[in-house]
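The values are calculated or read from the model by the stated rules, or taken from the named source; none is laboratory data. Since the model is a prediction, treat every value here as computed from it, not as a measurement. Ideal geometry is used to build each Cβ from the backbone, glycine not excepted, and the neighbour counts take in all protein chains shown. Heavy atoms of the whole protein, side chains included, go into the accessibility calculation; ligands, DNA and RNA do not. Shrake-Rupley method; radii C 1.70, N 1.55, O 1.52, S 1.80 Å.
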Amino acid sequence: MLKEILNRTNFSRDDLIFLMKLTNQNELNRLFESAYAVKTELLGRTAYYRGLLEFSNRCRKNCFYCGIRSGNNQIERFDMTKEEILNLANWAWRNQYGSLTLQSGERNDPTFIKFVDDLIISIKKLSCGQLGLTLCLGEQTDEVFKKWFDLGAHRYLLRIETSNPRLYRRFHPNNAVHSFKARLSRLKALKRIGYQLGTGVMIALPGQTEEDLVDDILFYEAVDADMIGMGPYVVHSDTPTGQEVLAAGRNTDQDRRERLILALKMIAITRLYLRNVNIAATTALQALDPFGRELGLKAGANILMPIITAEEHRPKYLLYENKPCVGDDQEKCRDCLTSRVRSIGEEVGFSQWGDSPHATSPYKATPKIDLDGINP
Ligand code: SAH
Ligand code: SF4
């Protein structure tokens, strides 16, 4: 049965569920090998870097799982200065990083918007337009998205977090600032404006089923995502979700291992199904296993996001616990990740944007689910 499914080029939802439910180690290895073969055939053995600059942990939102949620008063808030950010962007450019990702908590006040405007202009200028720019700055209006796109940002990462509206409600406060419908409309806006669209989910959230995860992959297809940034849910004990998981005794080594395997299956099945999109091996994988990111690449991912956030601020940008690289600086992260990539026989695509071929490929499948049919 597994062999038959892996030989298909057109998978049904049931095929994907079958793959998502695999547990036997030999079968899992075959799944990962198939996904890796698709990656190398379509995208080669090159991993692309997106230097990750987490420049502020102030956030107007209060997502129940996240360590920097506005309701967490146990953390010190920080904002990097424009000068600090530009110094790091310059470092990334001199070190031949093809792209930079600017990430922060969500804010939509005019001071913040203007600050980002300036950053985009300055980063493009200092790198003579050569650094590719991905933004991961939460939900913004059409006007703001459009302005940032016109200034030169060309990719945007906005995770749907889960495509199941019922689960979305469970992990977010029930108010207009945390609306599934609004998040969906922002994804559509990004695509309309012309960004290469990145989305993703948290994997192994309490109450999430294998069917939910398969529907997340069908959702990626329906929003026509060009890149996928997804990772396992990782506990943060000063959050409502973290406390719920800890109280239920569901954060044992075995639980963490299961979350890692589910995340790797999700990467592999997404690669088999969506084929030529970019998929990140996210830092959260390494929070669960010292070799999590290599395992992600071997399961079909092709993007890495080395953290270049200033060392002094890293301990304050803890979305989850056990975050790796918190005691390192950007040079150490570069060397460490580069040797991790080489250890599995791949190369880093230095000085290249590494855009997803999906973004320029004329091929578009007919999505199996209808976005308007998702009932928030
Ligand atoms: N504020 C922006 C970007 C920063 S948060 C936004 O939310 O879009 C980036 C991502 O961190 C989120 O999309 C979420 O999926 C992830 N995240 C937050 N808490 C997490 C946790 N406990 N475990 C794993 N990922 C988490
Ligand atoms: Fe804020 Fe993003 Fe964390 Fe939600 S996930 S609280 S929006 S930083």
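A few comments on the model shown:
- I113 being closer than 24 Å to K323 by Cβ and either away from ligand 2 (no atom under 14 Å from the Cβ) or in a loop (DSSP other than H, G, I, E, B) (or both): no
- When residues of the stretch 162-176 are limited to those that are assigned to a helix (DSSP H, G or I) and away from ligand 1 (no atom under 12 Å from the Cβ), the one least open to solvent (accessible area, probe 1.4 Å): L167
- Considered as a group, the residues in the stretch 37-66 that are away from ligand 2 (no atom under 14 Å from the Cβ) and crowded, with 21+ Cβ neighbours inside 10 Å include one that is nearest to S361 (Cα to Cα), and that residue is L43.
- Scanning the stretch 86-126 for residues that are of a type in the set (S, T, Y) and either touching a residue at least 60 places away in the same chain (Cβ under 8 Å) or surrounded by fewer than 19 Cβ atoms within 10 Å (Cβ to Cβ) (or both), we see that the one that is nearest to D335 (Cα to Cα) is Y97.
- G200 vs. criteria among the small types (G, A, S), surrounded by 23 or more Cβ atoms within 10 Å (Cβ to Cβ) and within 22 Å of V277 (Cα to Cα): yes
- Counting the residues of the stretch 218-252 that are within 27 Å of G354 (Cα to Cα) and out of contact with any strand residue (DSSP E or B) (no Cβ under 9 Å at 6 or more places or on another chain) gives 3.
- Any hit, the stretch 310-320, residues being over 22 Å from I279 (Cα atoms), open to solvent by 60 Å² or more (accessible area, probe 1.4 Å) and part of a loop (DSSP other than H, G, I, E, B): no
- Checking T134 against (1) part of a loop (DSSP other than H, G, I, E, B); (2) within 21 Å of the chain's Cα centre (by Cα); (3) not hydrophobic (A, V, I, L, M, F, W, C), the condition it does not meet: (1)
- Flag for V277 being open to solvent by less than 10 Å² (accessible area, probe 1.4 Å), under 17 Å from the mean Cα position of the chain (by Cα) and more than 30 Å from E331 (Cβ to Cβ): yes
- Where L137 falls short, out of the listed (1) within 17 Å of L158 (Cβ to Cβ); (2) at pLDDT below 95: (2)
Listed here are the residues, each with its yes/no results for (1) without any contact (Cβ under 8 Å) to a residue 12 or more places away in the chain; (2) buried (at least 20 other Cβ atoms within 10 Å of the Cβ); (3) farther than 17 Å from I203 by Cβ.
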residue	(1), (2), (3)
L264	no, yes, no
I269	no, yes, no
A281	no, yes, no
E294	no, yes, yes
K323	no, no, no
K332	yes, no, yes
V341	no, yes, yes
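- Evaluated against (1) under 23 Å from the mean Cα position of the chain (by Cα); (2) open to solvent by 40 Å² or more (accessible area, probe 1.4 Å); (3) away from ligand 1 (no atom under 16 Å from the Cβ), S70 falls short on exactly one condition, (3).
- Helices (runs of 4 or more DSSP H) lying entirely in the stretch 1-94 (those with 2 or more residues that are of a type in the set (S, T, Y)): 25-43
- Here is the figure for the stretch 203-237: residues that are surrounded by fewer than 18 Cβ atoms within 10 Å (Cβ to Cβ), more than 21 Å from P367 (Cα to Cα) and not polar (S, T, N, Q) total 2.
- Check on G229, more than 15 Å from ligand 1 (Cβ to nearest atom) and under 28 Å from S70 (Cα atoms): no
- Screening the stretch 232-249 for residues that are near ligand 1 (Cβ under 7 Å from one of its atoms) and aliphatic (A, V, I, L, M) and picking the one that is farthest from C136 (Cα to Cα) gives V235.
- Pick from the stretch 102-131, criterion in contact with a Gly (Cβ under 6 Å, 6 or more places away or on another chain) and away from ligand 1 (no atom under 15 Å from the Cβ), ranking: nearest to W91 (Cα to Cα): K124
- Residue check for P367: modelled with pLDDT under 85 and not in a helix (DSSP H, G or I): no
- Taking (1) out of contact with any Gly (no Cβ under 6 Å at 6 or more places or on another chain); (2) open to solvent by 30 Å² or more (accessible area, probe 1.4 Å) in turn, R159 satisfies each apart from (1).
- Here F145 meets each of (1) away from ligand 1 (no atom under 14 Å from the Cβ); (2) surrounded by 18 or more Cβ atoms within 10 Å (Cβ to Cβ); (3) free of Cβ contacts under 8 Å to residues at least 60 places away in the same chain; (4) not in a loop (DSSP other than H, G, I, E, B) with one exception, condition (1).
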